[in-house]
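Heads up, the thing below is written out as structure tokens.
The values are calculated or read from the model by the stated rules, or taken from the named source; none is laboratory data. Not measured: the values here are computed from a predicted model. Heads up, the Cβs are rebuilt from the backbone with ideal geometry, glycines too, and the neighbour counts pull from every protein chain shown. Surface accessibility is based on the protein's heavy atoms, side chains included, excluding ligands, DNA and RNA. Shrake-Rupley method; radii C 1.70, N 1.55, O 1.52, S 1.80 Å.
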Amino acid sequence: MTDTGGAEIHAALWRGLRSAVLLVAVVVLVGLSLPNLVRRIDTYEPSAAQWISFAALAAVLAVEAVLVVGGRTWARLRVPAIALVLAASALSYATLPDGKTSTAVDWVFGVANWVGLVVLLDRPLRTLLAFLAAHEVTAVVNLVVSDEASRAAVLRLATGSVSVLGYPLCAAVVTTALHRIATSSASARQEADRVRTEEAVAVETHRRRRQRLAELSATTTPLLEGLARGDLSPEDAAVQRRCAIEAARMRRLFAEVDAVPDPLLHEIRHCADIADRKGVLVELDSRGKWPTPPLSVRRDLTEPALTALATASSTARITVTGDAELVSVSVVADCGTLDVADPATPGVRVESFTDEDTTWMEVRWQPIRRQTLSRQ
């Protein structure tokens, strides 16, 4: 069972988290790093490398914005995106003036981490740690190779690393916690929906059982009570016919709850089983394809066949034909004259003909669409 509501809530929460982290990254890139880059652009040689690095990071954030709006993830683009972020960081450091690592001139140090977090937000925490470590190594290598690794420079890098590593990690931990909470909430909602569904099924099953008992009480219960009191004799042919008919109705009643592709044929087969057990030769033929009739219609369609099968002496033939506009159930049996009640459902018609001991009956049902067209 799927929980659509829980999935929608989870998707909305995740979209909000991605949007929040993207907003932070954009503010850091445009609001903090860009002014530093513009004010000190003359200190870089060549300055074009810094603009290329800035454009690469901005492009990654632009792609993330498109993905968030479209409700998609990075998928196969994730690895190239992270490679582009690290390459932009390395390119910026390659043209960074000596002695400026982790200073205001080193604008990429405090923004590439957020851009990487944007790409890796839905990945395990160890993946983000690996990226942050790679970004930190880039700064350390630049400090060692290009600068004189003085105590002040090392302390400055260590101090800056606290925020460069700490803030994205905190955001990632919070995101992981919220993701787990959302998943647990969706699971709890799914479990609650499952319990409610089981309760509804139990209530509906109980209602159907009470309905079946009420339906049996109208005909079967008086018959059983008469036999129990001795008012009716099991040796009486009329009582035997009534018993056979009620047995067939009970078989049909039990068959009505089965989940099958064609309920009408399924119920007729169960009715035919009563006649078959008595030694009656039953032939069943079906032709065409028809829509599933409602339960009340199926009862009207099967009642004449049920009665004929239950009271046949030796042979019975049932033919079920139909299409999208007409369903017909006809029966020929050596059952003598039958007294069948008129159908209770509008649109169902019964025709019968008796010749000596052989009776032919046909029940037809026209779906409502066909009836409406014929009136027009």
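From the protein chains alone at 1.4 Å, what is the descending order of accessible area for 270, 206, largest first?
From most exposed to least exposed: 206, 270.
Of 160, 220, 184, which is farthest on the positive side of the dipole of the chain, counting Cα position, with +1 on Lys and Arg Cβ, -1 on Asp and Glu Cβ, and the Cα centre as origin?
My answer, from the dipole projection, is 160.
Could you tell me the center-to-center distance, by alpha carbons, between region 74-139 and region 170-184 in angstrom?
23 Å
Just the number, please: Stokes-Einstein D of region 254-320 in µm²/s, Kirkwood Rh from C-alpha pairs, 37 °C, 0.692 mPa s.
Translational diffusion coefficient: 267 µm²/s.
Obtain the nm distance between the two label points defined at residue 178 and residue 287 by a simple spin-label model: each point lies 7 Å from its Cα along the Cα-to-C-beta direction.
According to this spin-label approximation, the distance is 6.7 nm.
Using the Cα centre of the chain as origin and beta-carbon charges of +1 (Lys, Arg) and -1 (Asp, Glu), tell me which of 20, 296, 71 is placed farthest towards the positive end of the dipole.
20
Taking N as the number of residues in region 201-349, what is its Cα Rg relative to 2.2 N^0.38 Å?
With N residues counted in region 201-349, Rg over 2.2 N^0.38 Å equals 1.08.
What whole number of Å gives the distance from the Cα centroid of region 24-46 to the Cα centroid of region 320-369?
Computed from Cα coordinates, the inter-centre distance equals 88 Å.
Evaluate the relative contact order of the chain (contact order divided by residue number), counting alpha-carbon pairs under 8 angstrom at least 6 apart; express in whole percent.
Reported relative contact order: 11 percent.
For the chain, give me the percentage of DSSP beta bridges that are antiparallel, rounded to the nearest 5 percent.
75 percent
Two decimals is fine: what's Rg over Rh for region 34-179, C-alpha atoms, Kirkwood radius as Rh?
Here the Rg-to-Rh quotient is 0.98.
Per 5 Å bin from zero, what fraction in whole % of the C-alpha pairs of region 218-288 is there, up to the bin with the longest pair?
Result, from short to long distances: 3, 15, 21, 20, 17, 12, 7, 4, 1, 0 percent.
Rounded to the nearest whole Å², what accessible area per residue is found for the chain with the 1.4 Å probe?
With all protein chains present, the chain gives 55 Å² per residue.
Just the Cα atoms of region 1-112: what Rg and Dmax do they give in Å?
Using the Cα atoms of region 1-112, the pair Rg, Dmax is 17.2, 62 Å.
Any idea what the relative contact order of region 1-147 is, in percent, if you count C-alpha pairs under 8 Å spaced at least 6 apart?
31 percent
Using DSSP H assignments, which helices in the chain have an axial alpha-carbon span of 15 Å or above and a mean Kyte-Doolittle hydropathy of 0.0 or higher?
Span-like helices in the chain: 4-26, 47-70, 78-94, 125-146, 237-255, 295-311.
Once amide H atoms are placed 1.01 Å from N in the peptide plane, what residues at a sequence separation of 5 or more from residue 358, or on another chain, have their amide H within under 5 Å of its amide H?
Under 5 Å from the amide H of residue 358 lie the amide H atoms of 336, each far enough along the sequence or on another chain.
In square nanometres, what is one fourth of the surface area of the convex hull spanned by the alpha carbons of region 132-225?
Over every viewing direction, the Cα hull of region 132-225 projects on average to 9.3 nm².
Report, to the nearest whole %, how much of the accessible area of the chain belongs to carbon and sulfur atoms, 1.4 Å probe, protein only.
60 percent
Of 353, 171, 38, which is farthest along the charge dipole of the chain in the positive direction, counting Lys and Arg as +1 and Asp and Glu as -1 at C-beta?
Comparing the listed Cα positions along the dipole, 38 ranks first.
Hey, could you get me the Stokes-Einstein D for the chain, Kirkwood radius over alpha-carbon pairs, 4 °C and 1.567 mPa s, rounded to whole µm² s⁻¹?
It diffuses with D of about 46 µm²/s by this estimate.
Within region 205-283, list the GluC sites (Glu not before Pro) lying in a DSSP loop whose Cβ has at most 13 other Cβ atoms in a 10 Å radius.
Here the sparse-neighbourhood loop sites are 235.
From zero outward in steps of 5 Å, how is the percent of C-alpha pairs of region 27-72 spread across the bins?
5, 20, 24, 21, 13, 8, 6, 3, 0
About the Cα centre of the chain, how large is the charge dipole given +1 on each Lys and Arg Cβ and -1 on each Asp and Glu Cβ? Please answer in debye to the nearest 20.
With only Lys, Arg, Asp and Glu charged at Cβ, the dipole is about 1460 debye.
Within the chain, which is the longest segment containing none of the trypsin sites (Lys or Arg not before Pro) that sit in a DSSP loop and have at most 10 other Cβ atoms within 10 Å?
Longest run free of exposed loop sites: 73-288.
Magnitude of the Cβ-charge dipole of region 172-318, K/R +1 and D/E -1, about the Cα centre, nearest 20 debye?
The dipole magnitude comes to about 320 debye.
Any chance you could look up the accessible area of residue 30 with a 1.4 Å probe, heavy atoms only, rounded to 10 Å²?
About 80 Å², ignoring ligands and nucleic acids.
Which residues' amide hydrogens lie under 5 Å from the amide hydrogen of residue 315, considering only partners 5 or more residues apart or on another chain, with H built in the peptide plane?
Under 5 Å from the amide H of residue 315: 281, 334.
Lys and Arg at +1, Asp and Glu at -1: add these up for the other residues within a Cβ distance under 15 Å of residue 175 and post the number.
It works out to a net charge of +3.
Cα centroid distance between region 213-290 and region 150-169, in Å?
86 Å
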